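Step one of this worksheet: look at the structure below.
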Amino acid sequence: MGKIGFSLILTLALVTLSTSSERKCDLSGLWRNELDSLMEIDKVNDAGEFSGKYLTAVTATSNCIRSSPLKGAQHDTTQRSQPTFGFTVNWEKFSNSMSVFVGQCFVDDQGEETLQTMWLLRQEVGSPGADWKATRVGTNVFTRIKGQNMGKSMRSDCAW
Ligand code: BTN
């Protein structure tokens, strides 16, 4: 085999290796949960911090749903293969509430990632006496959406 043939095989092997060992559980990308809510997470920085957008499919209000900013942090994916993370979503574009999510990314035998999360949703109430009804709690499971136009899917249909 000539030098060129050897170089080609070496390049092919390196490309295959880098694709198959693509790092999992980096939260960057587009995700959907079982309610059909979408979240788009921008690049996670070296400190594990990230921001993005969340388009919920449901609301406790009667207002038109708007894409809302999220901010969070995740543990180092070079140190851990199934890292924990947390993020807040500020719903103030259409609601008086805030959410916090905590969760962990899991990878199954097929390499599919799921985000198992638990959330608190705090709405504004008029007085401390109403505190008892101010917080909802629940769980969401997110799966990654591959190969879709992110900007388009995060658009809301509000009139203004
Ligand atoms: C509100 O209704 O006050 C704001 C929207 C809240 C949406 C909640 S957050 C937890 C749950 N998971 C979702 O994807 N949407 C709901």
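Region 57-160 has equivalent-ellipsoid semi-axes of 28, 20, 11 Å, by the square roots of 5 times the alpha carbon gyration tensor eigenvalues, sorted largest first.
Using a simple spin-label model with pseudo-atoms 7 Å out from Cα toward Cβ, Arg155 and Thr78 lie 3.9 nm apart. Sorting Glu40, Glu49 by the number of Cβ atoms found within 10 Å of their own Cβ, with the fewest placed first, yields Glu49, Glu40.
Sort Thr114, Thr78 so the one with the fewest other Cβ atoms within 10 Å of its own Cβ comes first.
Details: Thr114 18, Thr78 9.
Neighbour counts put them in this order, fewest first: Thr78, Thr114.
By the count of other C-beta atoms within 10 Å, a proxy for reagent exposure, Lys133, Lys93 are ordered fewest to most as Lys133, Lys93.
Each reported figure results from applying straightforward, stated rules to the coordinates on display, with no laboratory input. Because the structure is a prediction, the values reported are computed rather than measured. Cβ: placed from backbone, ideal geometry, glycine included. Neighbour counts: every protein chain shown.
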